[in-house]
Amino acid sequence: MKEKVVIEAKGVNKYFYSPVKTQVLNDVTFQVKRGEFVSVMGKSGCGKSTLLYILSTMDTDYEGQLFLDNELVTGKHQNFLSQIRNKKIGFVFQFHYLLNEFSVLENVMIPGLKLNQRSREELEHIAMEKLKIFDMQDHAMKKANQLSGGQKQRVSIARSLMNDPLIIMGDEPTGNLDKKNSDIVFNIFKELAQEFHQTMLIVTHDQEFASGTDRIINMEDGRILKSEM
Amino acid sequence: MKFKLIIEIAFALMIARLKQTIVAATGVVFSITMFVALLGFMNGLNQLLDGLILNRTPHVRFYNEVKPNPNQPIDQAKDFKDFYNIIRSVKPAASRTSIYNSEALIKTLESDKRVLGISPKISVQVFFNVGNTDVSGIIDGIDVVEENRLFAFNDYVIAGNFMDLKNTSNSIILGKGAADRMMASIGDVIQATTSQGNRVQLKVVGYYQSGLGDLDNVQSYASINTAQKMLGESASYVTDMQVKLKDFNQAPVLAKEFREIFDIDADDIQTVNAQFETGTQIRTLISYMVGVTLLIVSGFGIYNILNMMIYEKMDTIAILKAIGFSGRDVNNIFITIAITIGIVGGSIGLIFGFLAGLGIEKIPFETEALPTVKTFPVDFNPKYYIIGGVFSLVTTYFAGFFPARKASGVDPVDIIRGK
Ligand SMILES: Nc1ncnc2c1ncn2[C@@H]1O[C@H](COP(=O)(O)OP(=O)(O)OP(=O)(O)O)[C@@H](O)[C@H]1O
Ligand SMILES: [Mg+2]
């Protein structure tokens, strides 16, 4: 069970062409297995975010192959990729991206509504449960922009969990928070890993955060340093 | 179910930008209101003006034209058979203006399914003798009941009872202009001389006003019997046969058929009144053009506002895409916004347009020339409402098309990175 590979990158190269052709990712190959809590570290500009966007299927302009759940997703149609993002990937951004037009509860529900496999009542119930994990149930009816930064980040993690994704990806989810709030968020990730065995791949600059994860992937200049593999 | 979510998101976006949305919808409301009111008003006027002539015009008119025989003796002579003969100044023989065999013609017409009714007529040239001077005029002898049924005769009788024309012998309904000139009031007896020299005394029982001044100066009406008496002719004497059809588009065909069968002159309404048709078409065209221009302008309003909305909501679009909405979903969201503005603005516009029509209909519009008209005419033909409704949807759809395509093409990575 634990050995099942959730996401796998094979020889991924990524170039940017403006202003001049530069290679940002160089032959990136790695796997994340089910239930693993992996962190990605490296200097600023080494290509962590770029890698994450590719892994999340939002960026399709790369060389190499990407497997999700043992299925090749490289070269698939945009609509298919959207479905994969909806169903199998939860994404947590550095800046707490919530939809300000909707309430907290609705924000959490939207991926579920989009997936459209359960009734609205069921989804409301599930969303409420997710909010409870983060002790945010009392804020369910607030509009998203009425929350503090730390609260927003907790809600967006709840949203990423909505469809019970195969993997959660985070790009410096604590990067924009103060010590206290980033501790809260960090503890949430830990809890998710320990209690729910949620597979996670989190980019971070925080050494303390990283050392609490199962495995650290170190990057330098677009390459993964071999040592930790 | 999935579409419900799209609609929900579209509505949330609109509510978040309520003011702009209302401004955009107001543009549509205004243009649809104007479109419907304008077309209704224009066509009301059109129908009034056309009705002025066309309702009074028979769909087919049969008559006998006084003209020289086209078959001249020289053409029949053997000696000149191979020549091209030109005879100048051919005069008509003293042929009659009455319709030959009018009973047979009436019978055939009556049994024809296309025919709604027939009203025979005799035109009599007269001089009204007023003191020492003579005023020229035309008295039309008509079948009063049929003339009223087919050509709304009573609408134009502005004083007196039109049935008196039938019930009182030797009576006349004078054109308003002619009556004014002769200073003849109802109940007076006037004297008229026909071109054959017959003198008759006629009792004035009413005034007639068509709205066409020139016509009212010369045109008067008597019953057909009175006219026959004036000319000293028998009861079968008729100079004109006016026919109204169930479908006036049949007129040219019917005219052609009867022209051949009865060897008679027949004019159809289309040929006689071609210029009215043209005028109507041009007026309608102009109102459509103004309406469509208004709609296009409001379309640009919607286009602008949607573009602005998309610019402001880049983050929202990026999040939606990151959590699994496809480009098409995003496209649908913005098309939904555009169409909603179109539906709401369009419906309100149609209602306002209808109310505007009712309002215009209340504005007094009294003129000497149009005795039957008291207020501005408005045409409430559902056609304009349907066209207006469809157009509001089409323009808003196209106004939303390009912004929506732009939104669907937003690359979430660009937006997320941009932070
Ligand atoms: N759109 C772009 N066009 C050109 N170069 C780009 C573009 N986006 C990123 N880069 C370059 O690619 C490299 C990797 O960027 P990336 O954002 O992945 O770094 P990172 O590891 O996430 O850094 P940080 O820790 O600061 O977030 C950088 O050198 C950056 O300048
Ligand atoms: Mg980064």
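The values are calculated or read from the model by the stated rules, or taken from the named source; none is laboratory data. Remember, it's a predicted structure, so these values are computed and weren't measured experimentally. FYI the Cβ positions are ideal-geometry reconstructions off the backbone, even for glycines, and counts take in every protein chain you see.
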Of B:Asn332, B:Asn307, which residue is in contact with a helix residue (DSSP H, G or I) (Cβ under 6 Å, 6 or more places away or on another chain), assigned to a helix (DSSP H, G or I) and within 14 Å of chain A (Cβ to nearest Cβ)? B:Asn332
Go through the residues of the stretch A:44-62 one by one and say whether even a single one is within 16 Å of ligand 2 (Cβ to nearest atom), assigned to a loop (DSSP other than H, G, I, E, B), touching a His at 6+ places or on another chain (Cβ under 9 Å) and on the phi < 0 side of the Ramachandran plot. yes
So A:Leu72 fits all but one of (1) surrounded by 14 or more Cβ atoms within 10 Å (Cβ to Cβ); (2) more than 16 Å from ligand 2 (Cβ to nearest atom); what number is the exception? (1)
Does A:Ile167 count as within 16 Å of ligand 1 (Cβ to nearest atom) and under 18 Å from A:Val6 (Cβ atoms)? no
Does the stretch A:31-45 contain any residue that is of a type outside the set (Asp, Glu), buried (at least 17 other Cβ atoms within 10 Å of the Cβ), within 14 Å of chain B (Cβ to nearest Cβ) and in contact (Cβ under 8 Å) with a residue 24 or more places away in the chain? no
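Against the condition among the polar types (S, T, N, Q) and within 16 Å of ligand 1 (Cβ to nearest atom), how does A:Gln65 come out, does it pass?
It is false that A:Gln65 is among the polar types (S, T, N, Q) and within 16 Å of ligand 1 (Cβ to nearest atom).
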Run B:Ile339 past the list (1) part of a loop (DSSP other than H, G, I, E, B); (2) touching a residue at least 12 places away in the same chain (Cβ under 8 Å) and report the number of the one that doesn't hold. (1)
Pick out, from the stretch B:188-274, the helices (runs of 4 or more DSSP H) lying fully within it that include 3 or more residues that are more than 21 Å from the chain's Cα centre (by Cα). B:213-218, B:224-231, B:251-262
May I ask you to list pairs of residues, at least six apart or on different chains, whose Cβ atoms are under 6 Å apart, with the first in the stretch B:26-50 being farther than 12 Å from B:Phe352 by Cα and the second being at pLDDT below 85 and among the aromatic types (Phe, Trp, Tyr)? B:Asp50/B:Phe276
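Would you point out which residue out of B:Gly327, B:Gly353, B:Gly346, B:Gly409 is of a type outside the set (D, E, K, R), at pLDDT 90 or above and farther than 23 Å from B:Leu295 by Cβ?
Just one listed residue meets the conditions, B:Gly327.
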Any idea which residue in the stretch A:22-56 is nearest to the chain's Cα centre (by Cα), counting only those that are more than 10 Å from ligand 1 (Cβ to nearest atom) and more than 23 Å from A:Pro165 (Cα to Cα)? A:Val28
Restricted to the stretch A:65-91 and to residues being more than 10 Å from every other protein chain (Cβ to nearest Cβ) and outside any loop (DSSP other than H, G, I, E, B), the residue nearest to the chain's Cα centre (by Cα) is A:Leu68
Where the second residue is away from ligand 2 (no atom under 16 Å from the Cβ) and part of a strand (DSSP E or B) and the first is free of Cβ contacts under 8 Å to residues at least 12 places away in the same chain and lies in the stretch A:146-174, which pairs have Cβ atoms under 9 Å and are six or more apart or on separate chains? A:Asp164/A:Gly90
Counting only residues that are touching a Phe, Trp or Tyr at 6+ places or on another chain (Cβ under 9 Å), surrounded by 18 or more Cβ atoms within 10 Å (Cβ to Cβ) and in a helix (DSSP H, G or I), the stretch A:186-229 contains a total of 6
Can you find even one residue in the stretch A:114-123 that is within 22 Å of A:Phe196 (Cβ to Cβ) and within 16 Å of ligand 2 (Cβ to nearest atom)? no
State whether one or more residues within the stretch A:47-54 are among the hydrophobic types (A, V, I, L, M, F, W, C), buried (at least 22 other Cβ atoms within 10 Å of the Cβ) and away from every other protein chain (no Cβ under 11 Å). yes
Give me the pairs, please: first residue somewhere in the stretch B:4-25 and within 9 Å of chain A (Cβ to nearest Cβ) and under 30 Å from A:Leu115 (Cβ atoms), second residue anywhere and among the charged types (D, E, K, R) and in a helix (DSSP H, G or I), beta-carbon distance under 7 Å, and either six or more positions apart or on two chains. B:Leu5/A:Lys114
